[in-house]
Amino acid sequence: MEFGGVFKALRQKRGLTQEEFAEELNVNQSDISKFENDDKLPDLHLFRQMILASNAPEVAVAFMFGMDGVGIIQNVLQMMGGFILWM
C-alpha cells in the first residue's frame, strides 16, 4: 500500500512546506521527502502525530481501509461537490 500520496496530501491540506511539516512533527525534512516518495514508512506514533497535525482523520481512515492517495482525494472532492450543490 502506498503511503506517500496520503502523507503529501495531508501536508498540502495544511498548506505547509516539507520543512514546516517536519518541524511540527520533530523529524528531518529528508524524512518527510522519503515518506512522500514511499522510500520510508512512518512508525505508528508518527502516523498518529501526522493525523493530529493535519486535522484530517477521515483521510487516515480511508487509507487504513485500503484506499490509495489519489482515490481518497477524488472521493473527498466528489463529496464536497455534492455538498456544495446540496447547499
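Structure values in brief
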| item | result |
| --- | --- |
| Single condition Q74 does not satisfy, out of (1) at pLDDT 70 or above; (2) assigned to a helix (DSSP H, G or I); (3) closer than 16 Å to V6 by Cβ | (1) |
| Residues being farther than 20 Å from P57 by Cα and over 13 Å from the mean Cα position of the chain (by Cα) - total across the stretch 34-44 | 3 |
| Residue count, the stretch 1-40 (criterion: basic (K, R) and surrounded by fewer than 16 Cβ atoms within 10 Å (Cβ to Cβ)) | 3 |
| Residues (exposed (fewer than 15 other Cβ atoms within 10 Å of the Cβ) and not in a helix (DSSP H, G or I)) located in the stretch 41-52 | L41, D43 |
| Residues satisfying the stated conditions in the stretch 16-57, i.e. closer than 15 Å to G5 by Cα and at pLDDT below 90 | L41, P42, F47, M50, I51, S54, A56 |
| Residue selected from the stretch 1-40 under the condition basic (K, R) and assigned to a helix (DSSP H, G or I), by the criterion nearest to I51 (Cα to Cα) | R11 |
| Hey, F3 under 22 Å from E58 (Cβ atoms) and modelled with pLDDT of 90 or more or not | no |
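The values are calculated or read from the model by the stated rules, or taken from the named source; none is laboratory data. Owing to the predicted nature of the structure, the values given are computational and were not obtained by experimental measurement. Note: ideal-geometry Cβ built from the backbone for every residue, glycine included; neighbour counts use all protein chains shown.
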